[in-house]
1. Please verify whether residue 197 is buried (at least 16 other Cβ atoms within 10 Å of the Cβ) and at pLDDT below 90, treating the condition exactly as stated.
2. Please go through region 12-32 and give me each residue that is in a helix (DSSP H, G or I), at pLDDT 90 or above and out of contact with any strand residue (DSSP E or B) (no Cβ under 9 Å at 6 or more places or on another chain), ordered by number.
3. Just one of (1) part of a loop (DSSP other than H, G, I, E, B); (2) touching a helix residue (DSSP H, G or I) at 6+ places or on another chain (Cβ under 8 Å); (3) farther than 22 Å from residue 55 by Cβ trips up residue 111, so point out which.
4. Being closer than 23 Å to residue 115 by Cα, modelled with pLDDT of 90 or more and within 24 Å of the chain's Cα centre (by Cα): is that true of residue 178 here?
5. Only one of 49, 78 is touching a residue at least 24 places away in the same chain (Cβ under 8 Å), exposed (fewer than 13 other Cβ atoms within 10 Å of the Cβ) and more than 24 Å from residue 220 (Cα to Cα). Can you tell me which?
6. Just need a number here: residues in region 57-91 that are in contact with a helix residue (DSSP H, G or I) (Cβ under 7 Å, 6 or more places away or on another chain) and within 25 Å of residue 29 (Cα to Cα).
């Protein structure tokens, strides 16, 4: 039975099909290399032996770009030391504790202050994913590292409405959209590295949802063009590129 499930998951990985499976820890151990090689985004819940994976799109990339632009802005404004902040996407997080021991997750994007092992801030873009999956991912990220990750913000596409977390509406833009933002303290961003990396008494800049909207809009446009097989209008397809 394990081998049959593993074979089916490997087939879905090759066909780039989104998947959700019940698979034992032993079965998952046989899938880790194919999952990593496929470059999909996956989460394995050891507690209920559930594996789910999706394929990254331009829409998912919007969350990483939003987080990266925010980190770069802090360095350009000389609020933190140079090269203090890194944004990575698709990094496999593991070594969770408690009921999440044995679980693994690839968040869409995380902010890593220099020398820290865990990202204090993680962003997820839940395009095509259920509320249950997003909330389960929140449990792993916030509880599994025993408080090392302090903030987990997710963007959920619900068809007609898109929300950030459980409070802020992303689409359609509300009347107060230009004021919508997420605010942080330096401790939430840098945790125990604040005294080493922060060089200002000014509060960190907020993350404005209008900036995220712009990233998502661009991602949707690129995604639809690829889905529809559109080509760039760069002249003749037969023109030699030197």
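The values are calculated or read from the model by the stated rules, or taken from the named source; none is laboratory data. Everything numeric here is computed off the predicted structure, so don't read it as measured data. Cβ placement follows ideal geometry from the backbone for every residue including glycine, while neighbour counts extend to all protein chains displayed.
1. no
2. Listed by number, the residues that qualify are 26, 29.
3. (1)
4. The answer is no for residue 178.
5. Testing whether each residue is touching a residue at least 24 places away in the same chain (Cβ under 8 Å), exposed (fewer than 13 other Cβ atoms within 10 Å of the Cβ) and more than 24 Å from residue 220 (Cα to Cα) leaves just 78.
6. 1
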